[in-house]
Amino acid sequence: MSIKHSFKQSIYYLTRHNKDGSFATQRARVQRLNQIGTDLIQAGFKLRHIRGLKQKHIYFLVNHWKQSGLSPGTIKNRLSDLRWACEKFGRPEVVPNNSVLQVEKRQLIPDSDKSMTLTSEHLTKVSSPYIRLSLQLQALFGLRREEAMKIKVFQADKGHHLELQGSWAKNGRPRTVPIQTQAQRALLDDIKTFLKKPHLSLIPENKKYSEHLKVYEKQVQRAGIYHAHGLRHAYAQQCYLEFTGFPCPVKGGPKRKTLTPDQAKQDKAARLEVSRHLGHNRLGVTDQYLSR
């Protein structure tokens, strides 16, 4: 068995027996750990098992990633996975903290607008009605991808708001999202007409979430949607505009430091509202969507 195959097998067994987090989190962790193995082996390290990681490997990886131009956020995600793996083997000391590794702080303020608009042209290229409806939920309610597939609309629709169950949401955190427009109400009614049965979600009855996720990823790429999370950005920006009456900074609106006292109050209240709608409940996270 080759070194690369042996290392990947060790990741497979580790992650198979330690299913921490949502399916999406587990899947992303496996992909990142496999990439880490590839980086080490291509550099000449003869590492056959992930439990053989040493600090020299960690320092090499961080320097390699910095030289490759990876963002601090990407590097921190990979280091988080390495810490997770080393902790499973009872060796948390292998991965030093980020300050020791001299990893910069994450850039939470976007350099450019990451929002996207869902068009009828996009939707006509998506053959699955389940995925078309999920994409519209992402656009009109700012739902995450997993939420927009797992939601049971008959159960969630409370008339004036959607009540998202913890098992559908990130980190198991339930929340409510207001229903404020005719377009939102029409979409929910369309979904109910399509599903017919109250207990169904927007995952076909004959598929698991993991199986349907693969179909989703293929279809949205084929439709030219390469950053569906941008729908959530657009939702946040629209909420801010409706609440304050002026666009957010990333859309050309006034920067926080230039706001009048009244505008500053509106800005803070709008950001708190946006944060609640998105399920974060933290003011600072809105910088990612709105800038400042």
- Among [x] 64, 43, 35; [y] 68, 57, 34; [z] 60, 53, 33, the entry that matches Cα extents along the principal axes in Å as calculated here: [z]
- Simple SL model, points at 7 angstrom along Cα→Cβ for His17 and Lys218; separation in nm is 3.3 nm
- Could you give me the percent of Cα pairs per 10 Å distance bin for region 3-94, shortest bin first, beginning at zero and ending with the bin that holds the maximum distance? 16, 55, 29, 1
- Message: Which residue fluctuates most in the GNM of the chain (Cα springs below 10 Å): Gly44, Gly159, Gly73?
- Response: Gly44
- Note on the structure: Calculated from DSSP helices alone, with each H run of at least 4 adding -39500 (n - 2.57) and the total divided by the residues of the chain, [θ]222 nm to the nearest 500 comes to -16500 deg cm²/dmol
- Would you mind calculating the gained length between Lys197 and Glu87 on full extension (0.36 nm times residue separation, minus the Cα-Cα distance), in nm to one decimal? 35.2 nm
- Just how far, in whole angstrom, is region 71-101 from region 142-173 if you go by their alpha carbon centroids? 32 Å
- Which entries of Lys192/Lys265; Lys88/Lys268; Lys46/Lys76 show an alpha-carbon separation above 32 angstrom in the structure shown? Lys192/Lys265; Lys88/Lys268
- Item | Karplus (6.51, -1.76, 1.60) ³J(HN,Hα), θ = phi - 60°, over region 146-160, in Hz, Gly and Pro reported as x | 5, 4, 6, 9, 7, 4, 9, 5, 4, 6, 6, 6, 10, x, 9
- Relative to the present Cα-Cα distance, how much length would full extension add between Ser167 and Gln9 at 0.36 nm per residue of separation? 53.9 nm
- In Å and whole numbers, how far do the C-alpha atoms of region 126-222 stretch along each principal axis, longest first? 33, 28, 25
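Could you calculate the FRET efficiency of Thr119 with Gln35 from 1/(1 + (r/R0)^6), where r is the beta carbon distance between them and R0 is 30 Å, rounded to 0.05? The partial results should precede the final answer.
On the way: r = 33 Å, r/R0 = 1.10.
Efficiency at R0 = 30 Å is approximately 0.35.
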- Note on the structure: Long-range amide H partners of Asp157, meaning residues 5 or more apart or on another chain whose placed amide H is closer than 5 Å, are Glu163
- Task: For region 229-271, just say rounded, prolate or oblate: build the C-alpha gyration tensor, square-root its eigenvalues into a ≥ b ≥ c, call rounded for a/c under 1.5, and beyond that prolate if a/b exceeds b/c, oblate if not.
- Result: prolate
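Computed from the coordinates by the stated procedures, all read-outs in this text should not be read as laboratory data. Quick caveat: nothing in here was measured; it's all calculated off a predicted structure. With ideal geometry, Cβ positions are generated from the backbone for all residues, glycine too; neighbour counts draw on all protein chains shown.
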